[in-house]
1. Consider Glu116 carefully, then state whether it is of a type in the set (Asp, Glu) and surrounded by fewer than 21 Cβ atoms within 10 Å (Cβ to Cβ).
2. Do you know which residues across the stretch 618-651 are in contact with a Ser or Thr (Cβ under 8 Å, 6 or more places away or on another chain), charged (D, E, K, R) and closer than 21 Å to Ile608 by Cβ?
3. Is it the case that Asn775 is modelled with pLDDT of 85 or more, farther than 30 Å from Pro831 by Cβ and not assigned by TED's automatic domain parsing to the domain that holds Ile660?
4. Of the conditions (1) in contact with a strand residue (DSSP E or B) (Cβ under 7 Å, 6 or more places away or on another chain); (2) farther than 30 Å from Val471 by Cα, Phe526 satisfies every one except a single condition; which number is it?
5. Within the stretch 120-155, which residues are at pLDDT 90 or above and of a type in the set (Gly, Ala, Ser)?
6. Sort out for me the helices (runs of 4 or more DSSP H) sitting completely within the stretch 362-461 that have 1 or more residues that are closer than 30 Å to Phe494 by Cα and either assigned by TED's automatic domain parsing to the domain that holds Glu321 or of a type in the set (Phe, Trp, Tyr) (or both).
7. Pairs under 9 Å by beta carbon, first residue free of Cβ contacts under 8 Å to residues at least 40 places away in the same chain and under 13 Å from Leu414 (Cα atoms) in the stretch 380-403, partner hydrophobic (A, V, I, L, M, F, W, C) and not in a helix (DSSP H, G or I), six or more apart or different chains?
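The values are calculated or read from the model by the stated rules, or taken from the named source; none is laboratory data. Everything numeric here is computed off the predicted structure, so don't read it as measured data. Here the Cβ positions follow ideal geometry from the backbone for every residue, glycine too, while neighbour counts run over all protein chains shown.
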Amino acid sequence: MRLLFLIFAKVASFILRLRYKIEIKGLKEVKQALKDDPHSILFLSSHVSHTEPVILLSLLYQQFKPIPFIFDEVYQEPIIKQLSDIVGAISVPNFEKATNSYKKKYWERALGKSVEELGQGKNFLIYPSGQLKRTPEERLSGASGVYQLIKGVPQAKTVLIRISGLWGSAFSCAFSKESPSISKNILMMTKYVLMNLIFFMPRRKVTFEFELADMDVLRKKDNIELNTYLENWYNASFENGKEPFSNVSYTFWKKTYLHDKAVEYQDIIDVSNVSEKTKEKVIGHLQQLLEHPKPITPEMELGTDLGLDSLDLAEIITYLEQQFGARNIKPEEIQTVAGIMKVADNIDRVQLELKHTEELIQKFVQEKTRHEVEYPEGKNLQQALLRACLKRGKEIACVDEMTSVLLTYERFLLSAWLLSKKIKKFANKYVGIMLPASAGAYITIFAVLLAKKVPVMLNWTQGARHLNEAVSLTHLDTVLTSKKFVDGVQGADFGNADDLFIFLEDVKKSLSIVDKLKALFTMRFFSDKCVQSYEEVSKEKEAVILFTSGTEGPAKGVPLSHENIIENQKAALKEIPIKSTDRFYGCLPPFHSFGFNVAGLFTILSGIKVVFTPNPLDSSIIKTGLSKWKITMFCAAPSFLQPVLVIAEPKDLESVRMIISGAEAPPAKLLELIDHFGKEFIEGYGITECSPMVTVNHLGEERKGVGKPLSNIDIAICKEETFEKLGTNEKGLILISGPSVFSGYLGLKKDPFVMIDGKRYYDSGDIGYLDEERNLILTGRKKRTIKIGAEMISLTHLEHTLNEVAQESGWEVAESGNTFVAMPDVEDSKPKLILFSASNVNVDQVNSSLKTLGYANMIRFSRLIPIEFIPLMGSGKIDYRTLEAKLHA
């Protein structure tokens, strides 16, 4: 096998030499110096182009057999994977896109294996920068891999490799700060080689220089000093340390270039337009990351000057996203302090734009023949799906905005059926799913159901503790997710869940032609038998495990039955006027009950065309998508809706006829924006335990509270202590009964139900009242109240009041609408009110405003805690647990 690889490397090198005129310097001397001990060698190369590894391995493999480090996404390419396995290549994660706990563990395993094998005498080919260079200079920033290897194996020898002449190659980043596509460039080069009659293609001069490093010098250096030494060596042969741009024609008979010049590179970033407040915030945050704080100035580089590595870079990206709402941050944008400041201030940034073909957009928008929206027959979700898909056939089910994939019902069902055959082999009845809103997510959910198993929806935004609780509660041994998703999710800690990952890309690769033909044959000729095969699945059986948001305590597992979900969807369909021509935008994550049921299952089963987009926080993408896909129904939590409407223009919402909101009360500014755009607004009240919709406002009626109960829901308002029923307009505890109410928490003995007049009600924990027309008006949560003197004070009501005061008084307000959070401090015998504030006010101003509004003297905040932003959960709700931890820190 190794001989096969050597032959391949030689052949590939020969093909590359049709384009490259290669000069080798110093290799003979290195080979001579190491001939008696060719073991435990680190070959450390600069990294300009994707073509170098093949050339280097062809030069080094016969004598040294170095094991190359290779990025996982490159390793997964079909031919490259087989060849990499032959030489024992070590796959490593790419920290350019994102950093999370899975990647960190992945890297630690790879590093540990490398240290062990290097100590055993094996050799390695490594690129210290960990990425293709993005500028004419080779920069290592704070990369620490090589330092850890040298420290772990001090007896190792090091050979430095400097490459020149490839800055300008199609395989380099000279023309784009994005890493170029290997497969596309191979096809392009093949075309040009043939056009040049194979042997007449103009050749690019490329030089490889080898030098045996003095290990006594390298071992004495710390990480920053080592990186500086390597950078200086790699850049030493170029004037001013910058490799000149080299543009070589692709044809011999005329000058043919892909680009005229390299992408512009800014040496000095101007931050004169960045506000002083932003500069102070950025510098303050960077100080916290430094091991030993020191003065920080805008021109400083994160790696060279501050010693920050790729993990710190990932933390900075998370900070910029949460604090400043920045999106689609590229690592090369924030290599300097000034770069971070510009991203934070959102100056001159090009927003990510998803490009879709006009043919795809028109196919989605202009579909002519379509059945009316109606809920399919079936006592369980499997039968409902099968009947919906078999009836609708070639009608469009959904579009995945990130992958540009359009799925008909026929193709959606075939994909789910195929995947279900693999899932059926899993031993556990519970199967974890960790995916954002996407066609793949709902195909996977239905595949798990078709395999007669129960999907467990995991919320990656809540961190390790939440995920560990979910894994433990359901005894999960499998979590289905996507490599592409995990590769891009920033700052997540997956806890124990990442040890259980099975990637859908790998499952897809395992599907054979026979598997696909068998599934097609079954769906075509035995569909009725397929529907009948699910007759045994009772409507009371678990259909999904969701988890409460855990805003006020540990998350609880909520098993929803087939009946719960189906009855909730049927009732919702009666209340909300939906047309066959409607187009729905699904951005809520499927771990959220609203996203899972309403934005996902409901649209697919009822026959509503839906576009799935994965990030509800990406306001720019969503704003563009509303217009591009001619969306008519836009549904999201207020925290996600408001930022979109703030940046939208009337033309962006021209096709939108209805905006639907739930999960939390809409702030006044959101309602103003909806009125400004003249859109119909439906607000619902929902709870995970109720599948989730409980009440909804009706179009054409005056909006009062959160609307009337669904037709199959009964709401009772009771006294908290005695559960005695209260009358109209009397405020009390909200109790809910109906077929969409769950049967009890998973693994929790505490009964959340109350029996009144022989009927079982769920104790929602919410406080409110029913008016004369049976509209439900929410006033707070039982847990979000504090008793001061003889008065029960609603913290939610206080927050709404302060948000209104902020608007009227010109105080600084958060764009999300969440500016204040009131918290009780009951550690002393006398309860106190604490206020978290993202506004520029002090506690005296707040208390003075409350007094002016007529609040009693006892209702005053004893302390105000300034906070840069109010933390939100993945569902868009306020993360009270994080604030409570800050309160008692």
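1. Working: of a type in the set (Asp, Glu): yes; surrounded by fewer than 21 Cβ atoms within 10 Å (Cβ to Cβ): yes.
In short, yes.
2. Lys630
3. Details: modelled with pLDDT of 85 or more: yes; farther than 30 Å from Pro831 by Cβ: yes; not assigned by TED's automatic domain parsing to the domain that holds Ile660: yes.
Yes, satisfied.
4. Among (1) in contact with a strand residue (DSSP E or B) (Cβ under 7 Å, 6 or more places away or on another chain); (2) farther than 30 Å from Val471 by Cα, the lone unmet condition for Phe526 is (1).
5. Passing the criteria: only Gly121.
6. Working: elements: 381-392, 409-423, 439-450.
Of the helices (runs of 4 or more DSSP H) lying wholly inside the stretch 362-461, those with at least 1 residues that are closer than 30 Å to Phe494 by Cα and either assigned by TED's automatic domain parsing to the domain that holds Glu321 or of a type in the set (Phe, Trp, Tyr) (or both) span 409-423, 439-450.
7. Note: pairs meeting the criteria are Cys389/Ala397.
Yes or no, residue by residue, for (1) within 19 Å of Thr632 (Cα to Cα); (2) of a type in the set (S, T, N, Q); (3) at pLDDT 90 or above:
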| position | (1), (2), (3) |
| --- | --- |
| Leu520 | no, no, no |
| Ser527 | no, yes, no |
| Lys539 | no, no, yes |
| Asn568 | no, yes, yes |
| Ser593 | no, yes, no |
| Val598 | yes, no, no |
